[in-house]
Structures are given as structure tokens and as C-alpha cells.
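Student: Here's a structure for you.
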Amino acid sequence: QVQLVESGGGLVQAGGSLRLSCEASRSIFSINTMGWYRQAPGKQRELVAAITSGGTLYYVDFVKGRFTISTDNAKNTVHLQMNSLKPEDTAVYYCNAKAALSSYWGQGTQVTVSS
């Protein structure tokens with residue numbers, strides 16, 4: 001079992017920045033992949049960025065160069081630094097952990113980007 005708690009969402013103007021954090025209930029060394037997803041109203045949840053336990057990074061094309069995923073292993077935390085935010089980045093952002101054959105989700109944090 002892995003519990004995930006997200007924080008850091010909020011309201012920001014276009015061009016601004018936010019940093020999301022996701023604290024896991026156990027060492028992230030034991031988690032195969034940590035990722036951030038987002039879901040906008042009326043749309044499906046989509047992967048934004050991910051990092052494996054081996055350090056491999058993945059970004060979806062529309063956030064490359066703007067978002068950075070990183071880990072703080074001492075705090076069992078994964079961050080998503082979001083820069084140059086756009087109104088189309090508005091969504092609920094979810095943290096995800098994949099360990100063994102299971103997938104775990106956080107409760108989500110709202111990010112709203114005003115134009």
C-alpha cells in the first residue's frame with residue numbers, strides 16, 4: 001500500500017509558476033514509477049510527467065521545456081515544477097505511484113491558470 005498526499009496547487013496568472021509536491025507513505029526507492037497526471041473538466045486523465053526508480057524521466061510533448069519532475073528521496077516526495085503556465089494547463093493534477101502490480105493515486109490538487 002502507498003498513500004499519496006499532494007500539495008501546491010492554486011491560482012496563478014498565465015506565465016507564472018507553481019510547484020506541486022507529492023509525499024508518499026513509504027520510501028520512493030521501493031516504487032517503480034512516480035508520475036503526475038492531470039484531468040481537465042470534460043476530458044480524460046492524461047499523463048504529464050513521470051520518473052522511474054532508476055531515474056528515467058518522461059514528459060508529454062506539451063509540457064517539455066516548461067515542467068520538471070524531480071524527487072526528494074529523503075522526504076519520499078516527488079515534485080512537479082511548472083513554469084510558463086498556460087490557461088490550458090488548468091486541471092486537477094494527480095500524483096500516481098506504480099509499485100509491483102498496483103497503482104495508487106493521490107486525492108488531486110487543483111491548478112487554475114488565468115489568462
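The values are calculated or read from the model by the stated rules, or taken from the named source; none is laboratory data. For clarity, every value in this text was computed on a predicted model and none was experimentally measured. Neighbour counts run over all protein chains shown; Cβ positions are idealised from the backbone, glycine included. Keep in mind that these areas ignore ligands, DNA and RNA; they rest on the heavy atoms of the full protein, side chains included. Shrake-Rupley method; radii C 1.70, N 1.55, O 1.52, S 1.80 Å.
Student: Calculate, for LEU101 and SER7, the FRET efficiency according to 1/(1 + (r/R0)^6) with r their C-beta to C-beta distance and R0 22 Å; round to the nearest 0.05. Before the final figure, lay out the partial values.
Tutor: On the way: r = 28 Å, r/R0 = 1.26.
E between LEU101 and SER7, to the nearest 0.05, is 0.20.
Student: Ok, one more. Which residue fluctuates most in the GNM of the chain (Cα springs below 10 Å): THR33, THR68, THR56?
Tutor: Of the options given, THR56 has the highest mean-square fluctuation.
Student: Taking only protein heavy atoms into account and a 1.4 Å probe, give the accessible area per residue of the chain in Å².
Tutor: Details: 5990 Å² over 115 residues.
Value returned for the chain: 52 Å² of accessible area per residue.
Student: P(r) of region 38-115 in 5 Å steps, Cα pairs, percent per bin?
Tutor: 3, 13, 24, 28, 19, 10, 3, 1, 0
Student: How much of the accessible area of the chain, probe 1.4 Å, is carbon plus sulfur, in whole percent? Each step should come with its number before you reach the end.
Tutor: Details: 3000 of 5990 Å².
Ligands and nucleic acids excluded, carbon and sulfur give 50 percent.
Student: So, one more: For GLY16, what charge total do you get from the other residues with a beta carbon under 13 Å from its beta carbon, if Lys and Arg give +1 and Asp and Glu give -1? Intermediate results must be reported in sequence, preceding the final value.
Tutor: Numbers: positive: ARG19, ARG66, LYS86; negative: ASP89.
Net of charged neighbours comes to +2.
Student: Points 7 angstrom from Cα along the Cβ direction at THR68 and ARG45: gap in nanometres?
Tutor: Placing both labels 7 Å along Cα→Cβ, they lie 2.7 nm apart.
Student: Express in whole angstrom the spacing between the alpha-carbon centres of region 86-103 and region 1-79.
Tutor: So the separation of the two Cα centres works out to 6 Å.
Student: To continue, here is another question. List the relative contact order of the chain as a percent without decimals, with contacts defined as Cα pairs under 8 Å and 6+ residues apart. Mind showing how you got there, number by number?
Tutor: On the way: 288 pairs, mean separation 42.5, N = 115.
Computed value for the chain: 37 percent relative contact order.
Student: Two decimals is fine: what's Rg over Rh for region 1-67, C-alpha atoms, Kirkwood radius as Rh? Present the calculation step by step, with values, prior to reporting the outcome.
Tutor: Details: Rg = 13.3 Å, Rh = 13.7 Å.
My calculation of the ratio gives 0.98.
Student: Continuing with this model, one more query. Roughly how many nanometres apart are two label points built 7 Å out from the Cα toward the Cβ at SER27 and SER84?
Tutor: 3.8 nm
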